[in-house]
Every structure is written in C-alpha cells, then in structure tokens.
Amino acid sequence: RPPVGRKPDWLRAKLPSGPDYQAVKKNVREHRLATVCEESMCPNIGECWSHGTATLMLMGDTCTRACRFCAVDTGNPRGWLDPDEPEACADSVRLMGLKYVVLTSVDRDDLPDGGAGHYAACVRACKAANPETGVEALTPDFCGREADVETVVDSGLDVFAQNLETVERLTHPVRDARAGYRQTLDVLAHAKAHRPGVLTKTSLMLGLGETEDEIAATLDDCAAIGVDIVTFGQYLRPTVNHLPVERYVPPADFDKYRQWGLARGFLEVVSGPLVRSSYRADRVFDKNNCG
Ligand code: SF4
Ligand code: SF4
C-alpha cells in the first residue's frame, strides 16, 4: 500500500478530451456558465460532460455549516437568495445540452425552510425548460424537517440524494455537528415513503478510517430504508486544515464494495477511487429508465 500523503497512480485522472466534451466546454465559455465540475476541478469532467452530465450549485457559495472534509466557505448569508436563479439554472441546462443535471447546494440553515422552496423552484424551472433532462437534487438535510423534504421531493425531480458521507462512528468528526447519520437516513426514508417513484441515493467517502464491517453495516442501513443508489469514492483532503486521508482504498476494494451493495439489492452501486456522488449519474438514470 502506498504511504498516505502521496497519491497512488490510480487517482490520476485522464485529461478531458473528445468532441462532445469540447462542445459543452465551448458553450460554458461563451455563456460564462458556472459549474461545480469546473470549480471543484473534478477529475471526471471529460467523462461526465461527454455524456451530457453536469452539476450546478444553488443558493450561493457560503455554507452555514462547517464539515471537516469540505472546502466550501462557512458563513451566514443572512437570508440572501437570487430570485433569478431558477431561470438561470434552467438556461444553463439548456445551453449545455444536458441530459442529466445534478442540482446541489450549500446548507442554508439561515432560511426558515432551509431553501427547500427555492430548490423546488429550480427543479421546476429546469424541467419546464428541459422536459427530457433527468434532474437529481443533492440536497441539504433540512435539519430533518419532513415538510421541507416533501417540498423538494414533490418538485418533479427524478432522483433525491442526501449524502451520509461516512459511516456512523465517523459522522462526527467528519460532518458538521448539526448533521447526523440517523437524521440523513430518516430524510432518505421519508423521501422514499412520501413518493416511492423517486429514486433515492446516498454517497460515502472512503479512506477516513472506516472499517469494512462499518461499510457493510452502512449498506445494511441503506438497504433497510429502500435507498436505490449508493456511491463510494476516495476521500481526498482539500487542504492541510481538513481531515487527513487515513487510507487510499485500492480499486479492487472499491469493486468488492460494489458487489457487496449489489448483493443487497441496490439498483446500482457506483464505486471507484475517483467517483464523486454525481459521477456519470446519467448512466444509472438511463439504465432504470426512470425519466
Ligand atoms: Fe460542505 Fe455541505 Fe458540509 Fe456545507 S453542509 S460544509 S457544503 S459538505
Ligand atoms: Fe461534474 Fe459530478 Fe461529473 Fe465531477 S462527477 S464532472 S462534479 S457531474
């Protein structure tokens, strides 16, 4: 196993290329569109954009929470929201020619509904302008408020995602104190119970010190509440002020965890060192013909 601190070869991404990727990139440049894919320097950009998948960030760049793995700025946006964001978001999807879009956001504990109403407006605008595009909402936990979860789940989206991020034992210190392993499971369970036709999805980072037993237990917990899709990717430390990487998980182990998930009956388990929660999300969507 390579020493922690030096990235192993399997974490090297391919340089993005190809006509489909270049076409999306040209539109992004021409219209000055902002994507999480570029801002996070995501290694999967070539593959995702070539397949018409991208992630857009909603509700600003300042989060009211401070998770110890995340590079997003923490602060208090004091209720600010861009009223034009739903239309702008729909325009970005159209201009990029996306077949599948992931709408994610910072946590907005400063808003009474956590931003659920705004989220739903963005989903509706995207769907109205791009009825063929699959829409996934990777949302905050809304502090577990069921009414806010329902607002998003009822917006016409295809996939509702809420990330566990890590196994139960490591939830604190990894996630902000206001987040919770059981709270996230409850949010996912409620989304499924409220609208069973919407796929539910969660993602975990590996390499934070979790054991294999804990990975298996997490899969059991997700299966028990009817989660449809699970993703596993390698945790990478954004800066020295963030949690250290405890282990670089080899690709063969990621394959093994995928098999563990499939054996538990998930529709899909996307698992690999460079997998991010939105990685090739279109593939799962197409496979299950959930449009
Ligand atoms: Fe980052 Fe999300 Fe945590 Fe905010 S809630 S710090 S955006 S991971
Ligand atoms: Fe964009 Fe997500 Fe794909 Fe990365 S994995 S390129 S953020 S859609």
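Amide H to amide H, which residues 5 or more places from LEU206 or on other chains are under 5 Å from it, using H placed in the peptide plane?
Answer set, sorted by chain and number: GLY233, GLN234, TYR235.
Got a number for the accessible area of CYS143? Probe 1.4 Å, square angstrom, nearest 10.
60 Å²
Rounded, prolate or oblate: which fits segment 34-287 when a ≥ b ≥ c are the square roots of the eigenvalues of the alpha-carbon gyration tensor, with rounded for a/c under 1.5 and prolate only if a/b beats b/c?
Here segment 34-287 falls in the rounded category.
Could you count how many Lys pairs in the chain have their Cα atoms under 23 Å apart, skipping same-chain pairs fewer than 8 positions apart?
Going through the chain pair by pair, I get 18.
Take ASP110, project a point 7 Å from its Cα along the Cβ direction, then tell me which residues of segment 124-167 have their backbone nitrogen under 19 Å from it.
From segment 124-167, the list is 140-143.
The values are calculated or read from the model by the stated rules, or taken from the named source; none is laboratory data. Keep in mind that this is a model prediction, so the values were computed, not measured. Heads up, the Cβs are rebuilt from the backbone with ideal geometry, glycines too, and the neighbour counts pull from every protein chain shown. Protein only, heavy atoms only, side chains kept; ligands, DNA and RNA dropped before computing areas. Shrake-Rupley method; radii C 1.70, N 1.55, O 1.52, S 1.80 Å.
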